[in-house]
Amino acid sequence: MERLEVMWQSRPGVLGWLMTTDHKRIGLLYFWTTLVLFGAGGVEALLMRTQLVKPNNSIVSPETYDQLFTLHGLTMIFFFIIPMTTGAFGNYLIPLMIGARDMAFPRMNALSYWIFLASAIFLYTSLALGMAPDAGWFDYVPLANKTFSPGHNIDFYALAVIFNSIASTLTAGQFIVTIFKSRAPGMSFNRMPLFCFAFLAASFGLLFALPPLSADNIFLFLDRNIGTHFFDPSHGGAALLWQHLFWIFGHPEVYILIVPAFGIATSIIPAFTQRKLVAFPLVAIAELLVVFIGFGVWAHHMFATGMSTTALIFFAGATSMVVIPSTIQVFAWCMSFVLGVARFKTPLLFIAGFIFMFVTGGLTGIMFVAIPFDQQVTDTYFIIAHFHYIIFGAAVFPIFGGMYYWFPKVTGKLYFERPGQISFWLIFAGTNLLFFPMHIVGLLGMPRRVYTYPSNLGWTTYNVIETIGGYLTLVGILVLFGNLVWSYFRAPAAGPDPWHGPTLEWTTSSPPPEYDFAVIPKVSSAYPNWDPEDREEDRRKLAGGVLVLDQGHEQVEVTPVDGWLSRVAEMPHESPWPVLLALCLSLVFVMLLLQHFAIAGLMAILCVLTLLGWHGKEPEE
Amino acid sequence: MRSGLLRGKRALALVPLALLLAGCGQKQNALAPASHQSSDIASLFWWMTGVAFLGLAVVVALLLLAWRRAGRRGAGGDTQGPKPGERVGWYVVVLGGVVVPILLISALFVIANLFVIKTTEAPAANSTKRTILVIGHQWWWEVRYPGTSAVTANEIHIPVRTPIRLEVRTSDVIHSFWVPELNRKIDTLPGTTNEIELYADAVGRYRGDCAEYCGLQHAHMGIWVYADPPATFARWLARQSRPAAAPSGSLAAAGRAAFLNGACAACHQIRGTSASSGVGPDLTHVADRKTLAALTIPNTPSYLHDWIRDSQRFKPGNQMPSFGQLSERRIRAITAYLEQLK
Amino acid sequence: MSGYVASSVERPSKPAAWWGMVILIASEATLFGAFIGTYFYLRFRAPKWPPDGIPEPRVVVPLILLAALLASSIPMQLASNAARAGRLAATRHFLVLALILQAGYFAYEVHDFSDQLKTFDISRDAYSSIYYVLLGADHAHVALGILFSLWLLWKLTRGLTTYRVHATQGIAWYWHAVNALTLVVILTLLSAAIG
Ligand code: HEA
Ligand code: HEA
Ligand code: CUA
Ligand SMILES: [Cu+2]
């Protein structure tokens, strides 16, 4: 034990954080960064809502409004949900759930965080300079071309999105390999927690969805800056090419947003119903399937572009299939609620709320399968309602629930239940007030992305209600965080396992030690913490020094499918290279933005040199 | 199938939502259809909403049931050993999560995408008596009547109860033509012509908006469709096809001169004069229109005057500069001239 | 590894680093998939491909070059095998051989690339845009592979360690993947000559 402490100890102070490769620290860095960005996206949203509170309002100018909704969309999707779920929750929890001591490539993990941080700073610099992207989060050409957007706004968009997707790709690859290779021996694929299935699905989604987006943005950047003609119909290009590539990314992306939330839900439900999840194998398959089918439905975002009816019908057909994995899961969750003994504590309340919101938003999603109906409501507030129900209700609610659920694990403290429940009800009421009227106002003809609207179309009342709901949501979120902060200082200690949770993270102390587990745990089911004999055996192994791996910075590797022990690998420890590499990469992007292509090339060489340094010191044998 | 397989079957129309949506001015309301296309879509919506609420109700019922049963047994009992009720769980999951959704969605798919879609489909070329061409501009609509010399902006006239083939194009970025009470929307794509049918059941005026974000003034890109009795329409079209009348009175004559010799002619066309640019809307019969700048302001002499003097105030960022530097006399004169262009 | 007492049987499996390389290749392949998809999307909308005024791509020379490049996979694999067998000298020799083939290919291609830019430049039309982007992206990957090999050679001047054996294997893998990509890319571009 003492040896483990020494081997895994990290440097104190800021330097320790800069050089850290500990998945828990990286997870926390992600958490705080994305939280700040969530605040930024939320402030942007509330500014929009304030502008829309009455007709012909002029709190913000049209220029500002356009930047607000574009940044809001970009921030919430690329800089909040993805990094919050994968970066924060995934990083912190995956190794703990599979009984590992760290990610498979700890330095790459750090690199992904620093690149993410740099890309966020890069994007928000544009706001400070008054040049934030302003062509919407899907940034259609030709509006995004040099002709119609001459400023640097769209260059910021293209580069920030590519930059950010490098970080996400690293994270995704990292998770896949970690889940394949670093599970505790005995955890075969069918004994893996659903949380890990979900993150595996999301990671595969990211891995294959991001390259088309990068390709698209490379084309855009080249069209804008060196005069290529990918999107220019007068020179053989096609404006629809942008849309195809964007949505080939964009639709899988929305499932990438939701699947980790499924994972969180399937962690909380067994813990708070004290029952193994109903239809576990079906749910596991559904989690993978939803992402897979999600790659074949992209053109349902383009139903009004005048594509051939045959093509529309094909994509509508695919869209109707993608629904089935979701309905399976909804009923599996609901039946687990019914068949178990549901304790409606705050985390479970958020999950119940999530189910309600997800079903509501999912049902409007199904309506879009009806092509004529979609063509009627597309680009109106009805769409905004659909995806906020799903995104806020179904992706953010579980994030909030997860914050409560794992708060004791991360901080070692319990949280206060009463204010927790209050925060849930405030947020639940707030979001429904905020987003439900959007359905109606959309049907009444209100297009999206309008900075103001006339007074005589009957939209005003709904907009007022929405704005009130927005502020109510803010209050709820503040109560939530206030409660957590208060709990951190005042609440009683939690102990290792306050919920009698099913998965491995509850077997270790709260907060977990730097090496996560004193002994690599034994696993013989998907609910290892509910297998008392196995935990008993862990204690025996620890006493006997079996699988303690205290001779170095060591971790086991297993066979990917069956989870047989394969070898013990030495893991890299703290390293300055990730930060440095991210820094050099930022310079590349800044130079690209400034159109100093030669200097950008030099900076790229600098990156290569950094990589040389990174690989300079070989691990000892 | 054509007009309204689904019509009249709104028994499922949900009372609360219906109340919220009724009586809301019916200005740009997808649920106040005035054509068979729009009405089929609206029926589709009500049916889907009805079934959707049932689905939601099932889920909420299950959650409430769980709430009721929460105090049933001591916690912790089910974590080991066999999973109680697993078989029932599987039945419900397979039935509710696979079988029922497949049935419902298949039905929806067939009705919507094989039948209803036919009514909303674009008519084939030459299948209608008349084709109208609409061209989106940042941020107004150009309207042409092929076969005549009529050109107007933002206010389309069509004969009532007559299918019209609408061709949409763009002169710059993507816009989307959308008049919800008449039909679904259709995007205008660069380098492409898209089509849609326009049909109105009743005489009246129907409002629409540009639905695809197209830049700064996307919010002010409205359109009106007037469905006129055929005779009225024919008269209107004949009037629109004529060149502009000569100005009467010295003020208007001065206005005409100022218009043609000043900057205005660089952007606008007035048929019958030397002004023939296509940058801004055709003003040959501008006084015939009820609004200015894509429904942004009413077309009254004082608004017209103010528009010329300071168009940027009403529609910040629009492509017509403010002409505050022109003398008040000139603006008055131009206004007087344009007012005569009926 | 002394604290470790085998409690279960050890099964051999690919190391994490191998999986990492698979992931990298999958992501690169998808990027190229998007490029190639774009190529055909643009192509099937174009009335004439390549457009008037652009010469059809030459077929013979690129195919010969391609063969040379593909051949370099053989010494690469031999190097990897030799490294695993612990034969340092053989590893180095095969690596040098592969490097010569790679560098020859690359030098000619770069020369050709800049030559073609003089006949029709990248901002001419959509064909030239995707043509050069696709080709350029592929060349960049070849260049990266060459850098890898150089780095490896440099490492190998100071003997063979487990780490370097793994690196040799990984780089051989990367190289095979780049070759496969190049094959697809070149065939895609040459398809303009037959269509
Ligand atoms: C987390 C993100 C997320 C998720 C999970 C989804 C889920 C779904 N989405 Fe959504 N969607 C978005 C985020 C998301 N969406 C966003 C951001 C946009 C807009 C982008 C933009 O334009 O800016 C969008 C837009 C969008 C469109 C394009 C609309 C348009 O612009 O015209 C369509 C069209 O088909 C669609 C469909 C669907 C469908 C069918 C699902 C399905 O997966 C839903 C499945 C779920 C259920 C079905 C619920 C379970 C229900 C039950 C258990 C009850 C029983 C059910 C039955 C009887 C059927 N979505
Ligand atoms: C994850 C996705 C996500 C989330 C959570 C939200 C949340 C919200 N969104 Fe939305 N939204 C999008 C994704 C999201 N949105 C997207 C993709 C678009 C389309 C953009 C486009 O068209 O291009 C959009 C568009 C959009 C519009 C349409 C704009 C238009 O078309 O003109 C509106 C309008 O009301 C809106 C409002 C809101 C509101 C009020 C919230 C609120 O729920 C927000 C509430 C959050 C807060 C109030 C923040 C509180 C947080 C803190 C206080 C943190 C504290 C931190 C520390 C202490 C460190 N959003
Ligand atoms: Cu034109 Cu929006
Ligand atoms: Cu989608």
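In table form, for the structure just shown:
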quantity: Tilt relative to chain A, helix A:460-490 - C-alpha long axis, 0 to 90 degrees, to 10; calculated: 20 degrees
quantity: Packing-based ranking, highest mean first, of A:476-486, B:250-260 given that Cβ atoms within 10 Å are counted; calculated: B:250-260, A:476-486
quantity: Quarter of the Cα convex hull surface for the protein assembly as shown, i.e. its orientation-mean projected area (nm²); calculated: 46.7 nm²
quantity: The stretch B:244-260 - phi-based ³J(HN,Hα) in whole Hz, Karplus 6.51/-1.76/1.60, Gly and Pro as x; calculated: 5, 6, 5, x, 10, x, 6, 4, 5, 4, 5, x, 4, 4, 4, 4, 6
quantity: Cα long-axis angle, helix A:417-443 against chain A (0 to 90 degrees, to the nearest 10); calculated: 30 degrees
quantity: Other protein chain Cβ atoms within 10 Å, averaged over every residue that makes up A:268-275; calculated: 3
quantity: Förster-model FRET efficiency, 22 Å R0, B:Arg235 and B:Ser276, C-beta, rounded to 0.05; calculated: 0.30
quantity: Neighbour-count ranking [beta-carbon atoms within 10 angstrom, fewest first] of B:Ile117, B:Ile41; calculated: B:Ile117, B:Ile41
quantity: Chain lengthening between C:Thr157 and C:Ser123 when straightened (0.36 nm per residue, less Cα-Cα); calculated: 7.7 nm
quantity: Under Karplus coefficients 6.51, -1.76 and 1.60, residue-wise ³J(HN,Hα) of the stretch A:200-207 in Hz, glycine/proline x; calculated: 5, 4, 4, 5, 4, x, 4, 4
quantity: 5 angstrom amide H check on B:His175, placed H, neighbours 5+ away; calculated: B:Thr188
quantity: Residue-span extension gain [A:Thr310 to A:Ile599] - 0.36 nm each, minus C-alpha spacing; calculated: 99.2 nm
quantity: Most to least packed among A:446-454, A:158-166 [average Cβ atoms within 10 Å]; calculated: A:158-166, A:446-454
quantity: Karplus (6.51, -1.76, 1.60) ³J(HN,Hα), θ = phi - 60°, over the stretch A:291-300, in Hz, Gly and Pro reported as x; calculated: 6, 4, 5, x, 7, x, 10, 4, 6, 5
quantity: Net lengthening on full extension, C:His93/C:Asn81 (0.36 nm per residue, minus Cα-Cα); calculated: 3.1 nm
quantity: Cα-based helix-to-principal-axis angle, B:230-241 vs chain B, degrees rounded to 10; calculated: 50 degrees
quantity: Cβ-derived FRET efficiency at R0 35 Å, B:Val94 paired with A:Val475, nearest 0.05; calculated: 0.25
quantity: Partner chain coverage, peptide A:52-65 - average Cβ within 10 angstrom; calculated: 1
quantity: For A:Arg418, B:Arg332, B:Arg184, A:Arg224, order by how many other beta-carbon atoms lie within 10 Å, fewest first; calculated: A:Arg418, B:Arg332, A:Arg224, B:Arg184
quantity: Residue pairs, from the table A:Lys146/B:Lys290; B:Lys118/B:Lys290; A:Lys522/B:Lys83, whose Cα atoms sit over 25 Å apart; calculated: A:Lys146/B:Lys290; B:Lys118/B:Lys290
quantity: Among B:Pro33, B:Pro180, B:Pro229, residue whose mean-square fluctuation peaks in a GNM of chain B (springs only between Cα atoms under 10 Å); calculated: B:Pro229
quantity: Cα convex hull volume per residue for the stretch A:396-472 (Å³); calculated: 103 Å³
quantity: Three principal axis lengths of the stretch A:46-205 [C-alpha, angstrom, descending]; calculated: 63, 32, 25
quantity: In nm, spacing of pseudo-spin labels at C:Asp52 and A:Thr147 (7 Å Cα→C-beta vector); calculated: 2.1 nm
quantity: Calculated FRET efficiency for the pair A:Asn56/B:Leu133, C-beta based, R₀ 25 Å, to 0.05; calculated: 0.20
quantity: Relative contact order %, the stretch C:51-195, counting alpha carbon pairs below 8 Å whose residues are six or more apart; calculated: 36 percent
quantity: Residues whose placed amide H lies under 5 Å from that of B:Thr170, excluding near-sequence neighbours; calculated: B:Gly136, B:Leu189, B:Gly191, B:Thr192
quantity: Residue-averaged [θ]222 nm for the protein assembly as shown, counting only DSSP H segments that reach four residues, each worth -39500 (n - 2.57); calculated: -19000 deg cm²/dmol
quantity: P(r), alpha carbons of the stretch A:184-308 - 10 Å bins starting at zero, rounded %; calculated: 12, 32, 25, 16, 10, 4, 0
quantity: Cα-based shape type of the stretch C:68-195, given that a ≥ b ≥ c are square roots of the gyration tensor eigenvalues and the cut on a/c is 1.5; calculated: prolate
quantity: Footprinting exposure proxy for B:Lys118, A:Lys617, A:Lys541, B:Lys315 (fewest neighbouring C-beta atoms within 10 Å first); calculated: A:Lys617, B:Lys118, A:Lys541, B:Lys315
quantity: The stretch A:189-304, relative contact order [Cα under 8 Å, separation at least 6], %; calculated: 39 percent
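Bear in mind these aren't lab numbers, they're just calculated from the coordinates by the rules spelled out. Since the structure is predicted, the reported quantities are computational estimates derived from the model, not experimental observations. Quick reminder, even Gly has a Cβ in these numbers, built from the backbone with ideal geometry, and neighbours come from all protein chains shown.
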